[in-house]
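Let me begin by presenting the structure, written as structure tokens, before commenting on it.
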Amino acid sequence: MEHLISAPMTTVTTPLPVGRYRRTQPKHFWNLAFTEMWERFSYYGLSAVLTYYLIYTVAEGGLGMNETAAVSIVGAYGGALYLAQLLGAWLADRVVSARRLVFWGAVIITAGHVSLALLHGIPSLALGIVLIAVGTGLLKTNITSIIGVLFGGWSREARDSGFSYFYLSINLGAILGPLATGWLQSNLGFHWAFGIAAVGMTAALIQYSVRMRALPAESDVVPNPIAKPGLFKAAAWALLGLVVVALLAVWGVIRADNLNYVVGVMIAAAAISYFAVILSSKHIDGNARKRVRGYIPLWLAETLYYGFYLQLFTTVPLIVTARVDLDLNGWIFPEGWFSVVGTIALVLIIPLIATVWKESWIGRLLPAQKFPLGFLFIGSAYLLLITTAFSTGKTVPVWLIIVALVLAGISEVFVGPIGFSVVTRIAPGRFKTQLVALKILTLGAGSTLAALFATLYTIVPELTFFVLIGGVAVLAGIAVLVGARSIHRALDTGIDETGEPLEAP
């Protein structure tokens with residue numbers, strides 16, 4: 001697979017002395033951040049109501065699927081969407097510039113939402129989520145890679161702070177999307193909810209297009225163009241893969257209830273292959289290999305973390321539909337709003353945490369020492385839900401789910417932005433785009449785990465489920481904490497005083 005990997009965009013930057021911070025974000029930062037905000041508006045807006053759409057009866061406006069098939073589709077959708085990031089990264093390095101891929105990704109995502117809004121049934125569902133997955137693959141990794149270029153020369157602490165603000169802006173979209181789709185779904189129906197997601201993505205397309213040409217010149221460069229024979233060969237393999245998948249679906253090997261496992265296996269194979277290619281490449285030195293090896297435990301930890309966190313799109317809807325009393329003194333709490341509670345908590349705490357990274361001892365914690373705090377919060381959220389096992393029927397109060405989701409939302413600030421900061425700091429220059437894609441793939445792998453956990457929820461007693469999930473989360477955090485210093489030594493191999501790798505890109 002060596003020929004599939006190539007050099008990412010690079011730029012010349014003036015390193016900042018350690019301990020100094022810029023008072024503003026880099027030029028073009030907010031254009032990219034707000035474009036990503038609208039993409040998150042559409043993605044989370046759809047995700048907030050998708051499980052309900054699948055399990056609601058036809059009379060209720062849904063598709064009437066069983067719970068196992070529904071959560072499998074939701075998990076596979078999330079997994080495939082993030083698996084497509086690898087395609088976007090490869091295309092940016094070999095075929096089409098990152099700047100243009102972001103544009104076309106936005107166009108394809110918009111088309112997917114339009115199909116969901118205007119059509120009904122399984123075929124339109126399949127078309128819509130495939131388009132959204134592919135379009136997001138083209139857009140998301142390449143925006144993040146350009147952001148990483150803008151932060152060149154920043155110290156580790158400043159990079160942590162800057163990426164926290166990046167998280168802040170995109171999570172505004174993650175809040176506004178579910179608020180809009182949740183209300184529309186509850187009051188007007190699912191297709192109105194899908195329609196507003198299309199509107200949000202159109203806004204992203206306009207936002208990006210207006211200032212697209214002002215982005216750094218390197219964002220419009222294909223670093224290592226592939227020759228036509230190689231391109232035809234890659235296209236042939238892609239077509240063959242699509243034919244095989246189609247035949248397996250026709251023969252009943254790939255079904256709705258096992259789709260999540262198929263995507264999970266594909267993600268595992270892709271991650272192993274990419275790490276193997278990077279570690280065996282002749283284009284990186286020994287220091288870079290040690291850094292990549294040091295990142296693997298954090299990659300696995302982040303994957304497991306998102307398996308817990310992303311249950312807000314799989315297990316939580318099952319809990320809500322079967323156990324939660326939505327009536328609040330005559331006002332019905334929109335089901336889709338549960339998915340936004342944690343994001344609101346995250347957005348509110350990010351400015352505080354971003355300041356803390358700079359001004360207190362917590363900011364001096366190693367990345368692998370910040371991860372365990374995330375596991376502690378997410379584990380506490382599930383342990384709190386143990387109390388639901390002692391109630392009967394739909395009597396669980398809304399506030400209990402909200403408190404648990406607030407804890408889960410706070411947990412992400414110790415994992416997500418820190419993971420981005422680490423990967424853009426330690427990645428070998430030739431593989432920066434691919435390593436960013438692998439980092440984002442933790443969300444896809446986590447999505448498939450979340451569907452697996454949701455299936456477990458339908459099988460075992462609730463008490464057992466929450467004790468098991470909460471306990472494993474806490475134990476995982478302890479395990480990362482124990483190995484933190486060893487991980488840190490590997491991640492800092494060959495890093496100079498400005499926080500930049502010593503080897504040339």
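What the table shows:
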{"item": "Cα centroid separation, segment 54-116 to segment 305-359 (Å)", "result": "22 Å"}
{"item": "Residue-averaged [θ]222 nm for the chain, counting only DSSP H segments that reach four residues, each worth -39500 (n - 2.57)", "result": "-24500 deg cm²/dmol"}
{"item": "Segment 219-315: projected area of the alpha-carbon convex hull, averaged over directions, in nm²", "result": "9.8 nm²"}
{"item": "Angle in degrees between helix 190-211 and the longest Cα principal axis of the chain, rounded to the nearest 10", "result": "20 degrees"}
{"item": "Distant-in-sequence amide H partners of D325 (H built 1.01 Å from N, under 5 Å)", "result": "T395, V396, V398"}
{"item": "Lysines with Cα under 28 Å of K394, excluding same-chain neighbours fewer than 8 positions away", "result": "none"}
{"item": "Segment 364-424 and segment 206-274: distance between their alpha carbon centers, rounded to Å", "result": "32 Å"}
{"item": "Fewest-first sequence of W90, W38 by Cβ atoms within 10 Å of each Cβ", "result": "W90, W38"}
{"item": "Whole-Å semi-axes of the chain's equivalent ellipsoid (Cα gyration tensor)", "result": "34, 27, 22"}
{"item": "Top positive-direction residue, dipole computed over segment 397-495 with Cβ charges, set L400, L456, A427", "result": "A427"}
{"item": "Anchor K432: lysines whose Cα lies under 27 Å away (excluding residues fewer than 8 positions away in-chain)", "result": "K27, K140, K228, K233, K282, K290, K358, K370"}
{"item": "Full-extension gain in nm, A238 to N258, via 0.36 nm per residue minus C-alpha separation", "result": "5.0 nm"}
{"item": "Cut-off of 10 Å, at most 16 other beta carbons, DSSP loop: longest stretch of the chain lacking such trypsin sites (Lys or Arg not before Pro)", "result": "28-254"}
{"item": "Which of T424, T355 has the fewest Cβ neighbours within 10 Å, and the rest in rising order", "result": "T355, T424"}
{"item": "Cα-based helix-to-principal-axis angle, 228-250 vs the chain, degrees rounded to 10", "result": "20 degrees"}
{"item": "Stretch in the chain that is longest and holds no GluC sites (Glu not before Pro) that DSSP places in a loop and that have at most 16 other beta carbons within 10 Å", "result": "1-496"}
{"item": "Residues I402 and A479, FRET efficiency given R0 of 45 Å [Cβ-Cβ distance, rounded to 0.05]", "result": "0.90"}
{"item": "FRET efficiency estimate (nearest 0.05) - Cβ-Cβ, W183 to V250, R0 30 angstrom", "result": "0.15"}
{"item": "Rounded if a/c under 1.5, otherwise prolate or oblate - segment 206-273, Cα gyration tensor axes", "result": "prolate"}
{"item": "J(HN,Hα) series, segment 328-344, from Karplus relation 6.51 cos²θ - 1.76 cosθ + 1.60, nearest Hz, glycine and proline x", "result": "10, 6, x, 9, 8, 5, x, 4, x, 6, 4, 5, 9, 4, x, 5, 4"}
{"item": "Per-residue HN-Hα couplings for segment 302-314 [Karplus 6.51, -1.76, 1.60; θ = phi - 60°; Hz; x = Gly/Pro]", "result": "5, 4, 5, 4, 5, x, 6, 5, 6, 5, 5, 9, 10"}
{"item": "Exposure proxy ranking, count of Cβ atoms within 10 Å, fewest first, for F34, F190", "result": "F34, F190"}
{"item": "Counted charge near S411, where neighbours are those whose Cβ lies closer than 15 Å (Asp, Glu -1; Lys, Arg +1)", "result": "-1"}
{"item": "³J(HN,Hα) computed for each position of segment 173-185 - Karplus, 6.51 cos²θ - 1.76 cosθ + 1.60, integer Hz, glycine/proline x", "result": "x, 5, 8, 5, x, x, 4, 5, 5, x, 5, 5, 4"}
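Only the coordinates and a few stated rules stand behind these numbers; no lab work does. What you are looking at is a predicted structure, and each value in this text was computed from that prediction instead of being measured. Note that each Cβ is placed from the backbone with ideal geometry, even for glycine, and that neighbours are counted across all protein chains shown.
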